[in-house]
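Peer 1: Here's a structure for you.
The values are calculated or read from the model by the stated rules, or taken from the named source; none is laboratory data. Because the structure is predicted, anything quoted here is derived from the model rather than measured. Methodologically, a virtual Cβ is constructed for each residue, glycine included, from the backbone with ideal geometry; neighbour enumeration extends over all protein chains shown.
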Amino acid sequence: MFNLIPPWVTHYNEFHESIRKRNLWFIELRYGAVFMLTAMLIGAKYLLGIQLSKEQVNVIVVITLLILLYNINFHIICRSTGFIAGRLNGLHFSLLQMLFDLISLTILVYYMGGIENPMYLFYIFHMIIGSMILPGYIVYILAGSVICVLSLIFYCEYAGLIAHHSIKGLLEKPFYDNLQYISIFLLIFSSMIIISVIIANKIARELYLREKELYESINKLRESEYAKEKYVMGIVHEIKTPIASVQTFLDLILGSYLGPINQEIVNKLNRARNRSNEAIKMINNVLHISKLRLLDEMPLEDVDIPGIIDTIVCNQKLQLEAKSISLKIVNNLSSSRKIKGDKTLLEIALSNLVSNAVKYVELYGLIEILVKEDEANIIVEISDNGIGIPAGETADIFKEFYRASNIKNKNFEGTGLGLSVVNQIIKNHKGVIKVNSPSRLGDERKPGTSFTVSIPFSSIL
């Protein structure tokens with residue numbers, strides 16, 4: 001089958017979706033045409049004073065039913081079939097619809113008075129619609145065919161080669177036998193239909209060209225973003241190496257491998273070690289953000305959320321004991337269903353939330369991790385009775401490098417990047433993350449924070 005799609009849209013899904021929508025619009029308009037023909041059949045005699053012959057009535061009834069029948073079939077096909085580039089696509093479907101309509105319209109025009117019937121204006125309507133969907137050369141072929149077929153019908157009626165079906169009560173004097181009128185009519189009709197096609201086709205072509213330019217610009221932006229992210233990953237990874245070396249030297253000194261040191265120096269070195277840990281964490285977060293932006297698809301695997309949480313809590317054991325924090329895990333899952341996702345990234349996301357709770361909870365604080373489910377999602381709620389988030393700032397905490405106003409002057413280490421990473425990971429899993437402060441564990445002095453993560457079991461990355 002001949003190809004109707006411009007080469008630049010071969011892999012452009014949005015183009016095929018727009019054609020599908022236009023096909024549906026065409027189908028919906030055709031239901032209106034069925035209603036109009038039915039109304040014309042009913043109202044011709046009683047409202048317009050027009051008398052139709054038995055043959056004309058039968059033709060209108062048959063054509064109306066045929067239009068309704070093929071339109072219903074078109075509707076079903078268009079709703080159930082995702083047309084894509086290939087042997088049969090949405091443009092072939094549009095052309096098929098136009099051919100059925102033009103044949104039906106030609107039969108109606110012939111049996112309803114021929115040149116005396118004003119329904120010929122619908123040919124112009126079809127040519128304009130076709131110009132907005134189909135390639136220009138196809139519409140010119142259709143327009144030329146319409147002009148030739150109508151000219152043949154009108155001149156055959158004039159010459160008496162075929163019967164003329166007049167509509168009684170429409171005109172006082174027939175025109176089909178007036179050669180001068182037929183010639184002028186066809187000249188004007190042909191000019192109107194060709195001019196309409198030229199203008200509509202020019203507009204459609206300009207729209208296609210703008211769409212092409214936009215598509216190419218988007219591709220260039222994607223390529224630039226890809227190059228930028230790879231550059232960032234390379235630079236940041238190189239920065240990580242000297243910091244790791246610094247940590248090695250700090251560990252040598254703190255381990256007294258180079259001789260004893262007093263407690264004041266130990267405290268300073270521990271502070272430096274903690275700061276280097278924050279730097280490494282920030283670098284890892286940047287690398288993970290770049291990975292999220294670079295990869296269109298991530299590996300899918302079964303992810304055991306309760307198992308991940310147990311691992312995270314185990315890794316936080318020293319920090320929990322140092323602050324005497326009471327951490328409670330409540331597993332209310334009623335089934336063993338697992339979500340599909342990237343285990344590493346989900347562990348990073350949940351680990352960030354748990355470590356934040358540990359960081360911002362004071363001595364003898366409370367943390368509760370609740371795991372539950374509904375029909376479609378697994379839900380993880382991490383609540384604490386820590387310092388909380390000031391009113392009006394919860395909407396900003398997922399922004400990159402944003403830090404709440406109540407922690408900036410309290411010596412809490414951090415970069416403001418962790419929650420941005422969490423948000424991107426959850427969104428990549430088609431999930432949702434919400435934050436509430438105060439939490440259900442909080443009070444007036446310690447309002448606390450609660451993060452609720454919902455991820456669908458049928459998550460598709």
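Peer 1: For the stretch 172-182, does any single residue satisfy the condition of being surrounded by 14 or more Cβ atoms within 10 Å (Cβ to Cβ), within 25 Å of PHE100 (Cα to Cα) and among the hydrophobic types (A, V, I, L, M, F, W, C)?
Peer 2: no
Peer 1: Right, here's the next one. Free of Cβ contacts under 8 Å to residues at least 60 places away in the same chain, within 34 Å of the chain's Cα centre (by Cα) and farther than 19 Å from SER437 by Cα: does that describe LEU318? First the steps, then the outcome.
Peer 2: Numbers: free of Cβ contacts under 8 Å to residues at least 60 places away in the same chain: yes; within 34 Å of the chain's Cα centre (by Cα): no; farther than 19 Å from SER437 by Cα: yes.
Judged against the criteria, LEU318 is not a match.
Peer 1: Are there any helices (runs of 4 or more DSSP H) wholly within the stretch 298-362 with 2 or more residues that are modelled with pLDDT of 85 or more and either farther than 17 Å from SER383 by Cα or touching a Phe, Trp or Tyr at 6+ places or on another chain (Cβ under 6 Å) (or both), and if so which? Walk me through it before giving the result.
Peer 2: On the way: elements: 305-315, 317-322, 343-360.
Passing ranges, in order: 305-315, 343-360.
Peer 1: When both residues are 6+ apart or on different chains and their Cβ atoms are under 6 Å apart, which pairs have a first residue that lies in the stretch 133-145 and is at positive phi, and a second that is among the basic types (Lys, Arg) and at pLDDT 85 or above?
Peer 2: none
Peer 1: Look through LEU161, LEU108, LEU99 and report the one residue that is in a helix (DSSP H, G or I) and loosely packed, with under 15 Cβ neighbours inside 10 Å. Full working, then the answer.
Peer 2: On the way: LEU161 fails: in a helix (DSSP H, G or I); LEU108 fails: loosely packed, with under 15 Cβ neighbours inside 10 Å.
Exactly one of LEU161, LEU108, LEU99 is in a helix (DSSP H, G or I) and loosely packed, with under 15 Cβ neighbours inside 10 Å, namely LEU99.
Peer 1: Do you know which residues across the stretch 264-274 are surrounded by 13 or more Cβ atoms within 10 Å (Cβ to Cβ) and closer than 18 Å to SER355 by Cα?
Peer 2: Within the stretch 264-274, just ARG273 meets the criteria.
Peer 1: Report yes if VAL236 is surrounded by 15 or more Cβ atoms within 10 Å (Cβ to Cβ), assigned by TED's automatic domain parsing to the domain that holds CYS156 and part of a helix (DSSP H, G or I), otherwise no. Before you say what the answer is, go through the steps one by one.
Peer 2: Values: surrounded by 15 or more Cβ atoms within 10 Å (Cβ to Cβ): yes; assigned by TED's automatic domain parsing to the domain that holds CYS156: no; part of a helix (DSSP H, G or I): yes.
Against the criterion (surrounded by 15 or more Cβ atoms within 10 Å (Cβ to Cβ), assigned by TED's automatic domain parsing to the domain that holds CYS156 and part of a helix (DSSP H, G or I)), VAL236 does not qualify.
Peer 1: Restricting the stretch 243-297 to residues that are among the aliphatic types (A, V, I, L, M) and not in a helix (DSSP H, G or I), which is modelled with the lowest pLDDT? Spell out how you get there, then give the answer.
Peer 2: Just the residues of the stretch 243-297 that are among the aliphatic types (A, V, I, L, M), to begin with: 243-244, 246, 250, 252-254, 258, 261, 265-266, 269, 272, 279-280, 282-283, 286-287, 289, 292, 294-295.
Within this subset, residues satisfying the condition of being not in a helix (DSSP H, G or I) are 258, 261, 295.
Working: LEU258: 75, ILE261: 81, LEU295: 58.
The selected residue is LEU295.
Peer 1: Here's another thing I want to ask about it. Residues to consider are ILE133, ILE60; find the one that is touching a Leu at 6+ places or on another chain (Cβ under 8 Å) and in a loop (DSSP other than H, G, I, E, B).
Peer 2: Numbers: ILE60 fails: in a loop (DSSP other than H, G, I, E, B).
Result: ILE133 is the single residue among ILE133, ILE60 that is touching a Leu at 6+ places or on another chain (Cβ under 8 Å) and in a loop (DSSP other than H, G, I, E, B).
To keep it simple, each residue is scored yes or no on (1) out of contact with any helix residue (DSSP H, G or I) (no Cβ under 8 Å at 6 or more places or on another chain); (2) farther than 30 Å from SER335 by Cα; (3) part of a strand (DSSP E or B); (4) at pLDDT below 80.
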residue	(1), (2), (3), (4)
LYS372	yes, no, yes, no
GLY386	no, yes, no, no
PRO390	yes, yes, no, no
ALA395	yes, yes, no, yes
LYS408	yes, yes, no, yes
GLY416	yes, yes, no, yes
SER420	no, yes, no, no
ILE425	no, no, no, no
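Peer 1: Does ILE218 count as more than 24 Å from the chain's Cα centre (by Cα) and assigned to a helix (DSSP H, G or I)?
Peer 2: On the way: more than 24 Å from the chain's Cα centre (by Cα): no; assigned to a helix (DSSP H, G or I): yes.
Against the criterion (more than 24 Å from the chain's Cα centre (by Cα) and assigned to a helix (DSSP H, G or I)), ILE218 does not qualify.
Peer 1: Which number in (1) without any contact (Cβ under 8 Å) to a residue 60 or more places away in the chain; (2) more than 26 Å from ILE124 (Cβ to Cβ); (3) assigned by TED's automatic domain parsing to the domain that holds ILE107 marks the one condition that LYS168 misses?
Peer 2: (1) is the only condition that LYS168 fails.
Peer 1: Just checking, does the stretch 117-129 include any residue being closer than 24 Å to LYS202 by Cβ and without any contact (Cβ under 8 Å) to a residue 12 or more places away in the chain? Step through it out loud before you land on a result.
Peer 2: At the first step, the residues of the stretch 117-129 found to be closer than 24 Å to LYS202 by Cβ are 120-129.
From what's left, without any contact (Cβ under 8 Å) to a residue 12 or more places away in the chain: 121, 125.
Scanning the stretch 117-129, I find at least one residue that is closer than 24 Å to LYS202 by Cβ and without any contact (Cβ under 8 Å) to a residue 12 or more places away in the chain, so the answer is yes.
Peer 1: Answer yes if at least one residue in the stretch 49-57 is assigned to a helix (DSSP H, G or I) and within 46 Å of the chain's Cα centre (by Cα), and no otherwise.
Peer 2: Initial filter on the stretch 49-57 (assigned to a helix (DSSP H, G or I)): 54-57.
If we keep only those that are within 46 Å of the chain's Cα centre (by Cα) as well, we get none.
Within the stretch 49-57, not a single residue is assigned to a helix (DSSP H, G or I) and within 46 Å of the chain's Cα centre (by Cα).
Peer 1: Examine the stretch 86-98 for a residue that is at pLDDT 85 or above, over 30 Å from GLU216 (Cβ atoms), in contact with a Ser or Thr (Cβ under 9 Å, 6 or more places away or on another chain) and of a type outside the set (Lys, Arg), and state whether such a residue exists.
Peer 2: no
Peer 1: Do we have SER191 as assigned to a helix (DSSP H, G or I) and either touching a residue at least 12 places away in the same chain (Cβ under 8 Å) or in the same structural domain as HIS92 (by TED's automatic domain parsing) (or both) here? Step through it out loud before you land on a result.
Peer 2: Working: assigned to a helix (DSSP H, G or I): yes; either touching a residue at least 12 places away in the same chain (Cβ under 8 Å) or in the same structural domain as HIS92 (by TED's automatic domain parsing) (or both): yes.
The answer is yes for SER191.
Peer 1: Assess whether ASP251 counts as being within 30 Å of GLN51 (Cβ to Cβ), out of contact with any Cys (no Cβ under 8 Å at 6 or more places or on another chain), touching a residue at least 12 places away in the same chain (Cβ under 8 Å) and of a type in the set (Asp, Glu). If you could, list the steps in order and put the result at the bottom.
Peer 2: Details: within 30 Å of GLN51 (Cβ to Cβ): no; out of contact with any Cys (no Cβ under 8 Å at 6 or more places or on another chain): yes; touching a residue at least 12 places away in the same chain (Cβ under 8 Å): yes; of a type in the set (Asp, Glu): yes.
When the stated conditions are applied, ASP251 does not pass them.
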